[in-house]
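A.B. asks: Pasting a structure here, questions to come.
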Amino acid sequence: MNKDLLFDFTVDKAARRIFITREFDAEHSLVWDAFTRQEILDQWSAPAPMRCKTKYMDFKVGGRRFYAMISPDGQERWVLQEYTSITPKTNFKLYNSFADEAENPELPGSEWDYNFSEQNGITKVYITVYNESLERMERLADGFRIGFTMMLTNLEELLATLSKKQ
Amino acid sequence: MKQDIFQAIADPTRRAILALIAIQALTPNVMAEKFDMSRQAVSKHIKVLHECELIKPEHSGREIYYHFNAKKMLEFDNWLAQFRKNWETQFNQLDEVLSTMKTQKK
């Protein structure tokens, strides 16, 4: 992995916006596919030890992706995304919200705007997240924290078992 | 209703109030003077800032001084750091995926 690839994360608290820029050492069309195709998204779009499972995805304007982030102990957190705009290979926008298993969204959600461009074989992805509510974002972070805590608890238990055997 | 911190700091007057009391605790009367606002208008802003715990009141005799609550701002920053970390992890995963895809293409 190339360590020189740009990663920038800035927050404009007043405007309730987060700006994320990341470069990838891959051609434009490959990176576009990685963000817009279900089977590839499932491989990376939940931070380990969480994993991601898409129930269905229909990448077109008005179409939806319904997926779960699954923690190591099997807890599922459902997310519903609706594509609001698509300009092939360069931009897409979606409305993101948490949901229950029956696809009922918990509003308000957040607006995501993805931009793609390539220069010299390096593809840059520029993401803007607009949040109506901070509380909602805090819950997102909590979900991850629970995942990490579970992992640490598992490790503690494992260590305890191992030390008993000695 | 409990205010959210984003809404509280979205307003330019409230940001100015925060900037001012971060330097020195102030009474509502002094705030009203400094910003050339009515007491009622100041009270409204104070209420919002207080509800999301960005400022803390302290009584001194008959006066109430409002202090800046740096801890609340810090909590918010910690939370953002966590969010950033999650993205970093995901993007590193994507690097791996892309690298595999490139190899398979060849």
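Values in this text are rule-based calculations from the coordinates and carry no lab data. Because the structure is a prediction, the values reported are computed rather than measured. Glycine also receives a Cβ, built like all others from the backbone with ideal geometry; neighbour counts cover every protein chain displayed.
A.B. asks: Modelling each spin label as a point 7 Å along the Cα-to-Cβ direction, I'd like the A:Ala48/B:Gln40 distance in nm, to one decimal.
C.D. replies: Roughly 6.0 nm, to one decimal.
A.B. asks: For a 25 Å ceiling on Cα separation, which of these pairs sit above it: B:Lys44/B:Lys71; A:Lys93/B:Lys71; A:Lys124/B:Lys102?
C.D. replies: A:Lys93/B:Lys71
A.B. asks: Can I ask one more? Using a basic spin-label model with each label point 7 Å from the Cα along Cα→Cβ, how many nm lie between B:Gln82 and A:Glu103?
C.D. replies: 3.1 nm
A.B. asks: For B:Thr27 and A:Asp73, FRET efficiency with R0 = 45 Å and r from the beta-carbon atoms, rounded to 0.05?
C.D. replies: The pair A:Asp73/B:Thr27 has a calculated efficiency of 0.30.
A.B. asks: Tell me, in nm to one decimal, what length is gained between B:Thr103 and B:Ala16 on full extension, where the rule is 0.36 nm per residue of separation less the Cα-Cα distance?
C.D. replies: 25.9 nm
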